[in-house]
Amino acid sequence: GVLALIFAVSANNIYSQNFGKVKATISDMPDQMQAGQTAKVTVTITNTGTTQWTSENAYAHELGAFDINKEWTGEWKLEPGESKEVYYKVTAPEKSGSYKMRIVIYNGNKKIGHRNKKVEVVSITGK
């Protein structure tokens with residue numbers, strides 16, 4: 001019907017305007033965290049393409065037991081060759097143990113960066 005057609009047109013529009021070439025590098029991943037505590041992770045996004053890129057479809061996903069939330073609001077643009085550092089807040093699980101933090105950065109449905117790191121989660125109470 002009409003709805004499917006509208007969706008197809010708007011989806012096409014998103015792809016054409018936003019999938020310039022960008023790559024994300026993840027740093028500051030912690031070695032150790034306290035259970036339930038937060039840490040800041042830095043993501044450097046670089047526009048490696050030839051057109052301006054906007055951040056509207058950029059997001060992060062953590063595939064393991066951690067929560068991840070962006071620390072920035074609003075939209076920003078990168079001209080070709082430009083980079084920007086953005087921050088994400090990662091929250092450790094409540095249970096201590098050895099975990100693998102697996103962060104993936106997406107631009108829409110396209111993976112533009114990822115990094116895995118083993119993180120020891122320790123409990124303040126010793127549990």
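Observations
- Cross-link pairs 84/118; 77/111; 23/95 - those with Cα-Cα distance over 23 Å: 84/118; 23/95
- The C-alpha atoms of region 51-98 occupy a region whose extents along the principal axes are 44, 19, 16 Å, arranged from largest to smallest.
- Mean shadow area of region 33-127 over all directions, Cα convex hull, nm²: 6.1 nm²
Computed from the coordinates by the stated procedures, all read-outs in this text should not be read as laboratory data. Since the model is a prediction, treat every value here as computed from it, not as a measurement.
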